[in-house]
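Reading through the structure tokens given below for one structure.
The values are calculated or read from the model by the stated rules, or taken from the named source; none is laboratory data. Just so we're clear, the structure is a prediction, and the values are computed from it rather than from any experiment. Counting neighbours? That spans all protein chains shown, and the Cβs are built from the backbone with ideal geometry, glycine included. Just so you know, the surface numbers come from the protein's heavy atoms only, side chains and all, with ligands and any DNA or RNA stripped out. Shrake-Rupley method; radii C 1.70, N 1.55, O 1.52, S 1.80 Å.
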There are 2 protein chains.
Amino acid sequence: MKALVTGGAGFIGSHIVDELVRRNAEVVVYDNLSTGFARRLEDSVSTGHARLVHADVLDHDALIREMAGAEQVFHLAANADVRGGKDHTRVDVDQNILGTHAVLEAMRIAGVRRIVFTSSATVYGEPEVFPTPEYYGPILQTSLYGASKLAAEALIQAYCEYFGMRSHSFRFVSWIGERYSHGVIYDFVKKLQEDPTELEILGDGNQRKSYLHVEDGIRGIFLAIEKMEAPKNVINLGHEEFMNVTDLARVVCNEMGLANVRFRFTGGIRGWLGDSPLVHLDISRMKAVGFSPKVGIEEGVRRTVRYLLANPWLLDTREKM
Amino acid sequence: MKALVTGGAGFIGSHIVDELVRRNAEVVVYDNLSTGFARRLEDSVSTGHARLVHADVLDHDALIREMAGAEQVFHLAANADVRGGKDHTRVDVDQNILGTHAVLEAMRIAGVRRIVFTSSATVYGEPEVFPTPEYYGPILQTSLYGASKLAAEALIQAYCEYFGMRSHSFRFVSWIGERYSHGVIYDFVKKLQEDPTELEILGDGNQRKSYLHVEDGIRGIFLAIEKMEAPKNVINLGHEEFMNVTDLARVVCNEMGLANVRFRFTGGIRGWLGDSPLVHLDISRMKAVGFSPKVGIEEGVRRTVRYLLANPWLLDTREKM
């Protein structure tokens, strides 16, 4: 089986590549390396069954060429900066909407019929039901990032209808774990290394979020692909637990061996415009196919901190994030 | 009050322009005339309070220039060919998604805070609940047209969140009535003029749809704008009645004075790939602000046929549709 993974040099993408190689697939890793790292792929590439193509999804010719013969696409390439839409109002449109359309066009032309898409819990905006099920509606967007992910889901479904494709669109909570390189834990570790006495926390610290460890997430994705056979699947992939940001900061400090860190809150119930004060997904659909997260959030946060501390090169590349 | 109406030379757009002029607004009609007609605007333009700008929404400079000083935007410019997405997979992305983004960017730059958007019942795909309420979910797309309308709704909501805008996105059933120039009644009249003995009907004729007369629709839009004050409104605008396609064909034949027309069905429960066998919206939200359609569907269809027969120039411009 040949698979193509866009964004395959990213945190989540590289774990998907590894899992595909374990499952004896031949993998084309398609990544523009804007935020990805080739070194994440060393193990998989060394097997001879994964190959990195350094190119952008908007390079239509390259994408169509590499798509040839693939049976499955994992589309992860995206702008991952959830916060930046207000200042950069075109980025999510280009990278997430047009990028997804380019992937779908290449699939149509190459005759590829299966796509896994990494959507996001941000598509729910600020819902009024928690945990939030997939059928919650109408979902009103609060960010261009969320809007672009919902738009991408919609385009994928239209292509499924027209061209006989099957899709699994996963609405993710934040992922954490080994190879993590972007997000609140990253920010906290970085800030605490610069100043171990005080930590700035965006918002009032009461924002509550779920975090899913990458081992659980990867298992969940492959389980859902195997078990959910509808042409168009929209699937929450999250954790039954959640943790508020202040508690998360405490765990990070503790894992770093720091005591008496003063927390300074920027205030407000949101960390940034478009942030959601509570992200907690109903994962009944995943549980119905046998999924249950095994890594608790606190343990996952600790493992993530340990990973970051063991990989200082990641913390030196802030500009690349 | 200055208002800008994209697609203002279209069927629905020109009625909005007329209503705005009646309400003493100064109206910029922004239309690329790809499917619009300047003659629809003769009455409004003759008042001196409406002005037609012949330009495309993707012409950013022109759009920003015309947007200056506007208080409200009615964004109707769009690809209106619901059926063509399978063959032309880029049209809905360009005209409906990027077109809407261009309008939002111009609003942001010009400081315009209110937008009315004409979305569509097609965003529901093939729902399992009828009449379908706004909170139905998850909505799975069956066409690129529907996907592009949902994407546009999502982008609008993100801009509302970021830039303090207010939006009313109306999910429409098919509109009919005076100035109608595109859709099933148009196709039937045209076909029957060419061959009054036989009528080809797409699908098995059992597809059931709601149709809203333009007088009801325009009243509904302005009522909702006035009464619904949330920042992001998603509103079904339809009719409590529906009619199947075969019955609609009978009404068209009868109004044209044709008896004994043989119906030839192309078969299948859908008229085309991405068509929905039943479109029937829950309009409780509109009713809660006092809306109720006054024109029954049969009467509306008859009036539409009479309008088309009285305006043969419309039937001669098939290529433009």
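Looking at B:Thr100, B:Thr89, which one is within 14 Å of another protein chain (Cβ to nearest Cβ), touching a residue at least 12 places away in the same chain (Cβ under 8 Å) and assigned to a loop (DSSP other than H, G, I, E, B)? It would help to see each step written out before you state the result.
Values: B:Thr100 fails: assigned to a loop (DSSP other than H, G, I, E, B).
None of the others qualify; the one that does is B:Thr89.
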Q: Would you confirm whether any residue within the range A:144-162 is in a loop (DSSP other than H, G, I, E, B) and either in contact with a Lys or Arg (Cβ under 8 Å, 6 or more places away or on another chain) or within 11 Å of another protein chain (Cβ to nearest Cβ) (or both)?
A: no
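For (1) among the aliphatic types (A, V, I, L, M); (2) touching a Leu at 6+ places or on another chain (Cβ under 9 Å), each residue gets a yes or a no:
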{"position": "A:Leu4", "(1), (2)": "yes, yes"}
{"position": "A:Gly7", "(1), (2)": "no, yes"}
{"position": "A:His15", "(1), (2)": "no, no"}
{"position": "A:Asp18", "(1), (2)": "no, yes"}
{"position": "A:Arg23", "(1), (2)": "no, no"}
{"position": "A:Tyr30", "(1), (2)": "no, yes"}
{"position": "A:Thr35", "(1), (2)": "no, no"}
{"position": "A:Leu41", "(1), (2)": "yes, yes"}
{"position": "A:Val45", "(1), (2)": "yes, yes"}
(Q) Among the listed residues A:Gly274, A:Gly257, A:Gly267, identify the single one that is within 14 Å of chain B (Cβ to nearest Cβ) and either open to solvent by 20 Å² or more (accessible area, probe 1.4 Å) or out of contact with any strand residue (DSSP E or B) (no Cβ under 6 Å at 6 or more places or on another chain) (or both). (A) A:Gly274
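Take A:Arg262 and tell me if it is under 22 Å from the mean Cα position of the chain (by Cα), over 24 Å from A:Leu76 (Cα atoms) and open to solvent by 50 Å² or more (accessible area, probe 1.4 Å). Walk me through it before giving the result.
Values: under 22 Å from the mean Cα position of the chain (by Cα): no; over 24 Å from A:Leu76 (Cα atoms): yes; open to solvent by 50 Å² or more (accessible area, probe 1.4 Å): yes.
The answer is no for A:Arg262.
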Q. Do you know which residues across the range B:184-232 are acidic (Asp, Glu), within 22 Å of the chain's Cα centre (by Cα) and either more than 26 Å from A:Pro138 (Cα to Cα) or open to solvent by 60 Å² or more (accessible area, probe 1.4 Å) (or both)?
A. B:Asp187, B:Glu215, B:Glu226
Q | Identity of the residue in the range B:120-131, more than 9 Å from chain A (Cβ to nearest Cβ) and surrounded by 23 or more Cβ atoms within 10 Å (Cβ to Cβ), that ends up nearest to B:His75 (Cα to Cα) | A | B:Ser120
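Please work out if A:Ala78 is away from every other protein chain (no Cβ under 12 Å), closer than 23 Å to A:Tyr159 by Cβ and over 16 Å from the mean Cα position of the chain (by Cα). Break it down stepwise before answering.
On the way: away from every other protein chain (no Cβ under 12 Å): yes; closer than 23 Å to A:Tyr159 by Cβ: yes; over 16 Å from the mean Cα position of the chain (by Cα): no.
Answer is no for this residue.
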Q. With respect to B:Gly8, is the statement that it is under 17 Å from the mean Cα position of the chain (by Cα) and of a type in the set (Gly, Ala, Ser) true?
A. yes
Q: Working carefully through the options B:Ser292, B:Ser284, find the one that is open to solvent by 50 Å² or more (accessible area, probe 1.4 Å), more than 14 Å from chain A (Cβ to nearest Cβ) and either out of contact with any Lys or Arg (no Cβ under 7 Å at 6 or more places or on another chain) or of a type in the set (Phe, Trp, Tyr) (or both).
A: B:Ser292
Q) Out of all the residues in the range A:244-261, is one or more out of contact with any helix residue (DSSP H, G or I) (no Cβ under 8 Å at 6 or more places or on another chain) and under 28 Å from A:Asp87 (Cβ atoms)? A) yes
Q | Scan of the range B:229-257 for residues that are among the β-branched types (Val, Ile, Thr) and under 26 Å from B:Phe117 (Cα atoms), ordered by number | A | B:Val234, B:Ile235
Q: Would you please name the residue that is nearest to B:Thr122 (Cα to Cα), looking only at residues in the range B:47-103 that are in contact with a strand residue (DSSP E or B) (Cβ under 9 Å, 6 or more places away or on another chain) and β-branched (Val, Ile, Thr)?
A: B:Val82
Q: Filter the range B:103-119 down to residues that are more than 12 Å from chain A (Cβ to nearest Cβ) and either outside any helix (DSSP H, G or I) or polar (S, T, N, Q) (or both) and give me whichever is surrounded by the fewest Cβ atoms within 10 Å (Cβ to Cβ).
A: B:Gly111
Q: Take the residues in the range B:163-181 that are on the phi > 0 side of the Ramachandran plot and crowded, with 19+ Cβ neighbours inside 10 Å, then tell me which one is nearest to the other protein chains (Cβ to nearest Cβ).
A: B:Gly177
